[in-house]
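All remarks here apply to the structure that follows.
The values are calculated or read from the model by the stated rules, or taken from the named source; none is laboratory data. Please read all numbers here as calculations on a predicted model, not as lab measurements. Positions of Cβ are generated from backbone atoms using ideal geometry, with glycine treated the same way; all protein chains shown enter the neighbour counts.
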Amino acid sequence: MSIQINGKVLETDEEGYIQALDEWSPEVAEYMAKEDDCDLTENHWEVINFLRDYYDEYQVAPAVRVLTKAIGKRLGKDKGNSKYLYQLFPYGPAKQACRYAGLPKPTGCV
Amino acid sequence: MEEIPEEYEGGIVKKFMYVNRRAPHGTIYAQESLEVVLVGAAFDQEVSIVFMDDGVYQILKDQDTSAIGTKNFSKTFRALEMYDVEKLYVERESMQARGISEDDLNVPVEVITSEEIGRLMEQHDVILSF
């Protein structure tokens, strides 16, 4: 499978995660969100950017429990909870946000 | 209806021990082991990890894999704490044989002897060696 962004073809796996992490750009997230009928707000970007930093530091896409905890530490308790994150990413905060952020599917998510 | 014994509520938590004995790069064992650890931890199992033999090289500081084109997953060991995996053991004899000290490692560990590892193994339900 693949998606096309600005005339460039990006390979994805069968669940829509891009294969080459360094091919990511913000347009990738915008494109995927549009496909899901989701408008990306500043709050979405906060999580997406957080995930990219997290991956850069630890080389792993965090499981949802870890993501929630880590967001709470970095952005405060009102954001580090499932309710807030599911409102932003109804398909599952770790899975959906990681896909938009160009990361692999989180380890331990089924 | 039969009563469910208290210890089964919320699922059974088993004590898992992962034994890493191989060098980090060159084979897939080390990276796969870490993957299994993360999956186990995501399902709230109790996890400890032992590094021995060439496995101690997996947690060396300042690894740079850019020249061999593999992922530098040594960074991921630093995320284990957030997965509530806090029991990392390194075999003293393996470190000594390789001239490695605790300062050379990128995560906090407990250094224990081969004999102590043996005793620790007896306390675990599942032992997986990679």
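Quick one: would you say B:Leu34 is closer than 30 Å to B:Ile12 by Cα and either among the acidic types (Asp, Glu) or not in a strand (DSSP E or B) (or both)? It would help to see each step written out before you state the result.
On the way: closer than 30 Å to B:Ile12 by Cα: yes; either among the acidic types (Asp, Glu) or not in a strand (DSSP E or B) (or both): yes.
Spelling it out, B:Leu34 is indeed closer than 30 Å to B:Ile12 by Cα and either among the acidic types (Asp, Glu) or not in a strand (DSSP E or B) (or both).
Select, from B:Val19, B:Val90, the only residue that is away from every other protein chain (no Cβ under 11 Å), outside any helix (DSSP H, G or I), farther than 25 Å from A:Ala63 by Cα and modelled with pLDDT of 95 or more.
Being away from every other protein chain (no Cβ under 11 Å), outside any helix (DSSP H, G or I), farther than 25 Å from A:Ala63 by Cα and modelled with pLDDT of 95 or more holds for just one of B:Val19, B:Val90, which is B:Val90.
Which numbered condition trips up B:Gln45, out of (1) of a type in the set (S, T, N, Q); (2) touching a residue at least 40 places away in the same chain (Cβ under 8 Å); (3) within 14 Å of another protein chain (Cβ to nearest Cβ)?
Going through (1) of a type in the set (S, T, N, Q); (2) touching a residue at least 40 places away in the same chain (Cβ under 8 Å); (3) within 14 Å of another protein chain (Cβ to nearest Cβ) one by one, B:Gln45 breaks only (2).
For region A:1-24, name all the residues that are polar (S, T, N, Q) and touching a strand residue (DSSP E or B) at 6+ places or on another chain (Cβ under 7 Å). Step through it out loud before you land on a result.
Initial filter on region A:1-24 (polar (S, T, N, Q)): A:2, A:4, A:6, A:12, A:19.
Residues satisfying the conditions are A:Ser2, A:Thr12, A:Gln19.
Would you point out the residue of region B:48-72, among those that are modelled with pLDDT of 95 or more and part of a helix (DSSP H, G or I), that is farthest from the other protein chains (Cβ to nearest Cβ)?
That would be B:Asp53.
Of all the residues that make up region B:94-124, how many are surrounded by 16 or more Cβ atoms within 10 Å (Cβ to Cβ), touching a residue at least 40 places away in the same chain (Cβ under 8 Å) and over 27 Å from B:Val13 (Cα atoms)?
3
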